[in-house]
Amino acid sequence: MNIWDPFEEMRRIHEDIERVFSEFSGQKMLPGKKEGRELARIPVTEIREAGSDVVATFEIPGTSKENIELNVTDNSIEVKTEQKHEKEEKGKDFYGYRSVSRSFYRKLPLPADVRAEEAKAEYAEGVLKVVMPKKQAITEKRKIDIR
């Protein structure tokens, strides 16, 4: 026989509400964060093959390139940004402090293996563009001597 626990029911309702609002707002949990306290907006992203390259674009408005962390492996790409703005106001009869933080995070698999060490990135007008040359499969025959 199960005993109804009102606190467990409230926890489930709270999780459902957070899930609905996170889906609506386009925000997801950052890896490693607990309790849903730190959210990151997922940037609009496109990854496509273009000839001998894989090209990834991320819309990340309102940040500077110094705040973007870009990691590329042979088969994935990861973009992180975090911005903090603080404002403090003091007056004769008041004190005000405001802190705002914005984060972006996205890690995606690539459609083809790339040479990560040769990736090139540029950031202009809120769009990060990363061009990664594909690894070329060896297609030429080579005669191998057997010893």
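The values are calculated or read from the model by the stated rules, or taken from the named source; none is laboratory data. Fair warning: this is a prediction, and the values are worked out from it, not measured in the lab. Reconstructed Cβ throughout: ideal geometry from the backbone, glycine too, with neighbour counts over all protein chains shown.
Test A121 against the criterion of being assigned to a loop (DSSP other than H, G, I, E, B), in the same structural domain as N67 (by TED's automatic domain parsing) and not charged (D, E, K, R), and give yes or no.
No; evaluated as a whole, the condition is false for this residue.
Return the pair list, or none, for Cβ contacts closer than 7 Å from residues in the range 95-111 that are outside the structural domain of P61 (by TED's automatic domain parsing) and at positive phi to residues that are part of a strand (DSSP E or B) and at pLDDT below 85, at least 6 apart or on different chains.
none
Could we say that E78 is modelled with pLDDT of 90 or more and either more than 30 Å from D16 (Cβ to Cβ) or of a type in the set (D, E, K, R) (or both) here? Steps first, answer last, please.
Values: modelled with pLDDT of 90 or more: yes; either more than 30 Å from D16 (Cβ to Cβ) or of a type in the set (D, E, K, R) (or both): yes.
Answer is yes for this residue.
Applying the selection to the range 51-79, what residues are surrounded by fewer than 17 Cβ atoms within 10 Å (Cβ to Cβ), more than 15 Å from E122 (Cβ to Cβ) and not polar (S, T, N, Q)?
G51, P61, G62, E69, D74, E78
Check whether at least one residue in the range 82-91 is within 12 Å of the chain's Cα centre (by Cα), assigned by TED's automatic domain parsing to the domain that holds S52 and surrounded by 10 or more Cβ atoms within 10 Å (Cβ to Cβ), and report yes or no.
Here is the first cut: in the range 82-91, the residues within 12 Å of the chain's Cα centre (by Cα) are 82.
Among the residues that remain, those that are also assigned by TED's automatic domain parsing to the domain that holds S52 are: 82.
The next check asks that each one be surrounded by 10 or more Cβ atoms within 10 Å (Cβ to Cβ); those that pass are 82.
Yes, the range 82-91 contains at least one residue that is within 12 Å of the chain's Cα centre (by Cα), assigned by TED's automatic domain parsing to the domain that holds S52 and surrounded by 10 or more Cβ atoms within 10 Å (Cβ to Cβ).
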